[in-house]
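To start, the structure under review is shown below, and the notes come after it.
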Amino acid sequence: MTLNNAFNTPPLTVIIEDLSYTNSAFGQNEEGEVVFFNNRLVNKLNLDLGDIVVAHCIPNYEDKRHETPWRAIRVTSTMKDDGQFEDVGTKKE
């Protein structure tokens, strides 16, 4: 999958800290900012508490930005049990 470079989606390393009853997730990046993951991403990647991922993010919707500044739109890699990142960016969505 090729990303359009005209739209800036900074990659953030995020640890998943909460799963909601709707199967969406919330995590924190290295700066302590909250990142939202919708249920499509959570289900596709089988995200669970404690998972560490590299997520491409955009600013969250304006009415939610004060509590959750970022919204993940793509995950390019996940950390495996051995501490190494596994690329998931080549899979089609």
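Pick from PHE7, PHE26: which is open to solvent by 40 Å² or more (accessible area, probe 1.4 Å), in contact with an Asp or Glu (Cβ under 6 Å, 6 or more places away or on another chain) and either in a loop (DSSP other than H, G, I, E, B) or modelled with pLDDT of 95 or more (or both)?
Answer to the check: PHE26.
Within segment 29-57, take every residue that is among the charged types (D, E, K, R) and open to solvent by 60 Å² or more (accessible area, probe 1.4 Å) and give me the one that is nearest to ILE73 (Cα to Cα).
The qualifying residue nearest to ILE73 (Cα to Cα) is ARG40.
Which members of segment 58-74 meet the condition of being part of a loop (DSSP other than H, G, I, E, B) and crowded, with 18+ Cβ neighbours inside 10 Å?
Passing the criteria: only ASN60.
The values are calculated or read from the model by the stated rules, or taken from the named source; none is laboratory data. Quick caveat, the model's predicted, so the values are computed rather than measured. Virtual Cβ from ideal backbone geometry, glycine too; neighbours counted across all protein chains shown. Calculation scope for accessible area: heavy atoms of the full protein, side chains included, ligands and nucleic acids excluded. Shrake-Rupley method; radii C 1.70, N 1.55, O 1.52, S 1.80 Å.
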